[in-house]
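Here's the structure we're looking at; comments come further down.
The values are calculated or read from the model by the stated rules, or taken from the named source; none is laboratory data. Here the structure is a predicted model, which is why all the values come from computation and not from measurement. FYI the Cβ positions are ideal-geometry reconstructions off the backbone, even for glycines, and counts take in every protein chain you see. Areas reflect the complete protein model, heavy atoms only, side chains present, ligands, DNA and RNA absent. Shrake-Rupley method; radii C 1.70, N 1.55, O 1.52, S 1.80 Å.
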Amino acid sequence: MSKRKKKGSGDSRASGDGPRIGVFVCNCGTNIAGFMDTEDVAGYSATLPNVVFVRENLYSCSEAGVNDIKQAIIDNKLDRVVVAACTPRTHEPTFRAACKDAGLNPYHFEFVNIREHCSWVHKEDRDLATLKARDLIRMGVARSAYLEPMEPIIGNVVERALVVGGGISGMTAALELAARGFEVVLIERQKHLGGLVKSLYEIYPWGEKAADYINGLASRVERNSKIRVLKACEVTDVRGYVGKYEVTVSSGDETVVAGIIVVATGARPLLPEGMFGHDSRRVITMLELEAMLLRSRSRRKKVVLMGCAGARIPGRFYCSRICCMTAIKNAIIMRKKWKADVTVLYRDLMCYGVQNETMLVDAKKAGVRFINYSLENPPVIEKDTVTVSSEILGRDLKVPVDLLVLSTPLVPQDTNVALSKILKVPVDEYGFFLEAHVKLRPLDFATDGIFVCGTARWPASIRECLEQAIGAASRASTYLARGEVEVEPIVSVIDEEECRGCGLCVALCPYGAIELIDTEKGKKARTIDVACKGCGTCGATCYRHAIRMKHYSDEQLGAQIRAAFVKDP
Amino acid sequence: MSDPSARREVVVVGGGVSGLKAAIEAADQGASVTLVEESPFLGDLLLKEGRIPPDGFPSLCLSSKLINRVVHHPGIRVLTNSSVKRVSKTDGGIKVSLKRWPARVNEACNACGECLMVCPIKPYDRFNEGLMLRTAIDFAGPRDFGGIYNIEKETPACQEKCPVHIDIRKYVGLIAGGRYEEAIKVVRDKNPLPAVCGRICPHPCESVCNRGRQDEAVAIDALKRFVSDYEIAQRQAGKFVPPKPKKDRKIKVAVVGAGPAGLTVAHDLALEGFRPTIFEAESVPGGMLHLGIPEYRLPRDIIMNDVAYIEDLGVEIKYNTPLTKKFTVDDLFKQGYKAIFMGVGAYEGLKMRVEGEDEYEGFLDCIKFLKRVNLGDKSKPGDKVIVIGGGNSAIDSARTAIRLGCDEVTLLYRRSRKEMPANSWEIDAAAEEGVKIHYLAAPVKILGKQGKVVGMKCTRMRLGKLDASGRRRPIPIEGSEFEVEADLIVPAVSQRPDISFLPEEHGFEISRWNSFEVDTSTGATNRPGIYSGGDAVTGPATVIEAIQAGHIAASAMKEYLSQP
């Protein structure tokens, strides 16, 4: 490119009316300052071309730090701001907002990550970390000189929500959204609403009949005029973007248009095929016990409940969270209803929450025996006895048994992976859906306008499912209530003169954000701004170089790369 | 769809991570949110934790993101240092009353901490349940920030205690800086009788002065006296500039009685541009100041100075013009006065209710006695005088009697010195001058001969349990009677308003103590346009309380007269 020759190493703008760049080096308490010489880094930053202001801050993201940035922009007439701190994922919006408040275009802000990319990975070598931070900042400063002002893209939001999954979480989310006045389409794979809870007997810790609760909820959903329920129906394709998702469903290929999507597909209990001698008669799962209690037909006198059957083992490390409480609840029920001898075999008892702890005490009072076992010495299951090696007593105990109940963990639905591909949202290593941020955005997906709740995300109790459902509905309402959505303008721009309409970019775009349109000069590709995530796939693909990425232009990245290989003065 | 932005005022209580999240969520949904946090900073526990499990992410990264969003969100108003006082249901909503605590020191503060060392104001520490003191400026917050400095702003104890809430701290400070003219303006802002109060105010302000905990209270009253003396000197030197009242509203107002309450009302209304006229029964202004308080305590030229100030505002005082059965409030209305203030005081001495009280001659209640003397009759009232009572009037009577040349003056009080309502320095002075004071003594029977008083039989008392007034109830000790010779008995047991001037059909609501029944927040009597205050409402009380009542009535009268 011709520009490259003219610009040289990017410092030619130093003379005359070059940009006025301000650099802010964050100490992040000791997160950064503890592993490098931030003073040196700040001092070095001041020598970089076009840099007119440098400030070292203890916490740039604190209110004081942000105010400091604003003040510096105004006082020093800065037109580019470079913050060398942490990941853009947490604080880019913060600093952009600061720029905006000070009258600067928010896209004149450049984030240099000297924490995750530098101080945290070079904890051992202080000098190296300092040098690397210098490099990173030099690159950031070089790029910032080429930043262009941009305005956010505003899109409309269809005031309709799509809830995938008609279990307790999905129904609660749908009712919540309907109560806020939004239309809801609820899709359920089965022929009836209710999900996993429908096959339970009583709900801990209150001892409420699960059927009463879930049927009441289902009938409220069915009767709600704002909610349209599509049963025996699955999502087959999703196109579009936040504010306007076009969802194709399996029943008659109907298309549902919705502003947001709530994923509440739930989970299923692990079927212990071939494990522990499972035969659904004498050795059953907890869910089968619930069914047995529901039918209240058979009665057994010697019951053993075994926890962590298939959970917290190599290959499935996680705790299913709900099994201990379920086992205790059912132990009490069998003790009272069947007058059975109940023994609970456990590895660790997880009974968090006051009511659950009370339930544990009640179980002990009712005469339920609790025996601890370890992963190394699992119980040996025979026809009439279970031999367990007690961790506490240090010897084997033989427990007579005529019913062995296995607490198997909740595992992801088999359809999760397929659905995640349709929705373009991630799943974790086990196949549960993965939220955007474990703390800051626990119910959002990284993709705007798609939310997750209930056991689709992770094993959860009914109470937690309800909390998450209400929370997800609340999160979704933030989009629906505003009626419009602001999208980052970091999108691709297609030069229609250069475009030959080959359609390669259309085929490759993972977000369906490019369409081919007929013009007088033949077919041309065009970006759908709201849908584009700015990933750059199209730009890299286009052999005509007709596609330019906003905010990551060739000039900007070129300057950054050139700065990376400058010999240190 | 139903508009979800219809009910849209949300209060989030608590600025921790849940509160911040809730506020953002609600505001994102279009609500206007008020976030209330008790501490001076947002983030709460999240800020105090260094890192959060499970991955040990620095907590500040999370909280600062949330805090920044909250602080910069156009839909969120943040009230730190605030707490919820009351929550009540209203029509279709909830009303939340908040209390805002101290003010934050602005960003210029670099947290050097010097202020903490020199702060002289030590309020009780709320954090420690008020069991200890803190400094008015204090800091709180996460250690990494060095804390956020706040000033606990509260009304100074003296100002709060003063019935008219003079900004004492301000004028004392101005005096200390030698700015006397400004100081007297601050006093006059709330107190139209500074020279008088500078001498006879019981100064409750000094009793609560924080300096008193260290050594001795600031001499607030004496300082007031000093600046008022300064003003008098300026006046005499012809350098005094009277204040300018607001634009003349051409509305006539009548004030009955030139006592402290009446003078205050006239003063306030004159400043507001009304035309007050004071109708005074006696030939001198000041009411009890002149008639009740002996000259040695309150020189007459001092009263005249404060009255002259009020007259300078355009207030006319008509002396020797009492309201009578023939010259009533209705006549005042007929003369064109649009509102009336009844500041008639409490001039009727109460009886002791002792056997023989009505049989003999030789009684003179303290008010009549003091009035006679104060109006110029300096003759000796008797040789041996007994004064009964423990208030300032009793002491005044006793001291006056001594000064008139009475041979023996005895003062009887039924409780001990500790319970005596008179100013302690007055009691000391009385004893110094030769008044014989019998504490824990009460009259039993008046002794007389040939229709004249010759003495009094008394009994010793002891103190029992606390009574309704919070003082220990005196109980007679049987067999402890003793006799005191006397040819004049001055009961000074209390007074009540003398309302004998009112015609039969006056239409006022009168309490069983002969005082006017008024609305305490406005001073309004049951008759429209007629207000009252001071001793006429409360019974005998202090000058400063009468001034307070005057202010209250004057502002209500202004409101009343401003109505179209």
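In plain terms, if you count all Cα to Cα distances in chain B and split them into 10 Å steps from zero, the share in each step is 3, 14, 19, 19, 17, 13, 8, 4, 2, 0, 0 percent.
Rounded to the nearest 5, what % of the DSSP beta bridges within chain B are antiparallel ones? Here the antiparallel bridges make up roughly 50 percent for chain B.
In the stretch B:17-38, the residues whose accessible area drops by at least 40 square angstrom when the other protein chains are added to the isolated chain are B:21, B:25, B:28, B:29; the probe is 1.4 Å and only protein heavy atoms count. Selection among B:273, B:453, B:43 by position relative to the dipole of chain B gives B:43 as farthest towards the positive end (Cβ unit charges, Cα centre). Counted by Cβ distance under 9 Å from residue A:80, the other residues give a net charge of -1, where Lys and Arg count +1 and Asp and Glu count -1. With the charge dipole of the stretch B:44-131 set up from +1 on Lys and Arg Cβ and -1 on Asp and Glu Cβ about the Cα centre, the Cα lying farthest toward the positive end among the listed residues B:105, B:67, B:82 is that of B:82.
Placing pseudo-labels 7 Å out from each Cα toward the beta carbon at residue B:226 and residue B:103 gives an inter-label distance of 2.8 nm. Extension gain, residue A:441-residue A:237: 0.36 nm per intervening residue step, less the Cα-Cα distance, totals 70.9 nm. For the peptide B:60-73, the mean number of other protein chain Cβ atoms found within 10 angstrom of a residue's Cβ is 6. Across all Cα pairs in the stretch A:21-150, the calculated P(r) in 10 Å bins from zero up to the longest distance comes to 15, 50, 31, 4, 0 percent per bin. Say R0 is 25 Å: what FRET efficiency, to the nearest 0.05, do residue B:324 and residue B:512 get from their beta-carbon distance? Efficiency for this residue pair is about 0.55.
Over the protein assembly as shown, the Kirkwood radius and the radius of gyration, each from Cα atoms, give a ratio Rg/Rh of 1.14.
Charged neighbours of residue A:164, selected by a Cβ distance under 12 Å, balance to -1 (K, R count +1; D, E count -1).
Burial of accessible area (probe 1.4 Å, heavy atoms of protein chains only) in the stretch A:477-523, relative to its chain alone, reaches at least 20 Å² for A:478, A:481, A:482.
Cα centroids of the stretch B:400-428 and the stretch A:113-132: 87 Å apart.
When accessible surface is computed with a 1.4 Å probe, chains B and A are found to bury approximately 2600 Å² between them, both chains counted. Note on the stretch B:351-493: antiparallel DSSP beta bridges, both residues inside, total approximately 50 percent of the bridges counted. Ranked by the mean number of other Cβ atoms within 10 Å of their residues, highest first, the peptides A:94-102, A:118-126 fall in the order A:94-102, A:118-126. Each DSSP beta bridge with both residues in the stretch B:9-151 is either parallel or antiparallel, and the antiparallel ones are about 65%. Rounded to the nearest 10 degrees, the angle from helix A:462-482 to the longest Cα principal axis of chain A is 30 degrees. For the set B:325/B:371; A:439/A:533; A:198/A:226, every pair lies no more than 26 angstrom apart at their alpha carbons.
Excluding ligands, DNA and RNA, the accessible surface per residue across the protein assembly as shown is 47 Å² with a 1.4 Å probe. Once R0 is set to 41 Å, what does the formula 1/(1 + (r/R0)^6) return for the Cβ-Cβ distance between residue A:566 and residue A:415, expressed as a FRET efficiency to the nearest 0.05? Calculated transfer efficiency: 0.20. Modelled spin labels at residue B:432 and residue A:463, positioned 7 Å past Cα toward Cβ, are 7.5 nm from each other.
Overall, the accessible surface of the protein assembly as shown at a probe of 1.4 angstrom is composed of carbon and sulfur to the extent of 51 percent.
Note on the stretch A:283-408: the C-alpha convex hull projects to 7.5 nm² when averaged across all orientations. Above 24 angstrom, tally the Cα pairs of the stretch B:9-151 and express them as a % of all pairs, no decimals. Of all Cα-Cα distances in the stretch B:9-151, 40 percent exceed 24 Å. Using a simple spin-label model with pseudo-atoms 7 Å out from Cα toward Cβ, residue B:462 and residue A:101 lie 7.4 nm apart. Applying a DSSP loop filter and a limit of 14 other Cβ atoms within 10 Å to the trypsin sites (Lys or Arg not before Pro) in the stretch B:355-442 leaves B:378. Applying a DSSP loop filter and a limit of 14 other Cβ atoms within 10 Å to the GluC sites (Glu not before Pro) in the stretch A:513-563 leaves A:520.
With a 10 Å cut-off around each Cβ of A:58-71, the average count of Cβ atoms from other chains is 4. Only the Cβ atoms of Lys and Arg (+1) and of Asp and Glu (-1) were treated as charged; on that basis the dipole of the stretch B:351-493 about its Cα centre amounts to roughly 500 debye.
Positive contributions from Lys and Arg (+1) and negative ones from Asp and Glu (-1), summed over other residues with Cβ under 14 Å from the Cβ of residue A:360, come out at +2.
Calculated on C-alpha atoms, the gyration radius of the stretch B:325-410 divided by its Kirkwood radius gives an Rg/Rh of 1.14.
Throw me the Rg/Rh for chain A, computed over C-alpha atoms with Kirkwood Rh, two decimals. Value, to two decimals: 1.07. I'd like the orientation of helix B:17-28 relative to chain B: the angle between its Cα long axis and the longest Cα principal axis, in ° from 0 to 90, rounded to 10. Orientation of helix B:17-28: about 80 degrees from the principal axis. Counting only aspartates and glutamates at least 8 places from residue B:170 when in the same chain, those with an alpha carbon closer than 20 Å to its own are B:152, B:154, B:160, B:181, B:182, B:189, B:206, B:216, B:221, B:229, B:231.
The spacing between the stretch B:225-285 and the stretch A:487-566, judged by their C-alpha centroids, is 85 Å.
Overall, chain A carries a charge dipole of about 1600 debye about its Cα centre when +1 sits on the Cβ of Lys and Arg and -1 on the Cβ of Asp and Glu, all other atoms neutral.
For the cross-link pairs A:209/A:337; B:185/B:558; B:239/B:558, the ones whose C-alpha atoms lie over 24 Å apart are B:239/B:558. For the stretch B:212-292, applying the loop criterion from DSSP together with a ceiling of 16 other beta carbons within 10 Å to the GluC sites (Glu not before Pro) yields B:216.
Cross-link partners of residue B:457 among aspartates and glutamates, defined as those whose alpha carbon lies under 17 angstrom from its own and excluding same-chain residues fewer than eight positions apart: B:355, B:357, B:358, B:359, B:361, B:408, B:478, B:481, B:483, B:485, B:487.
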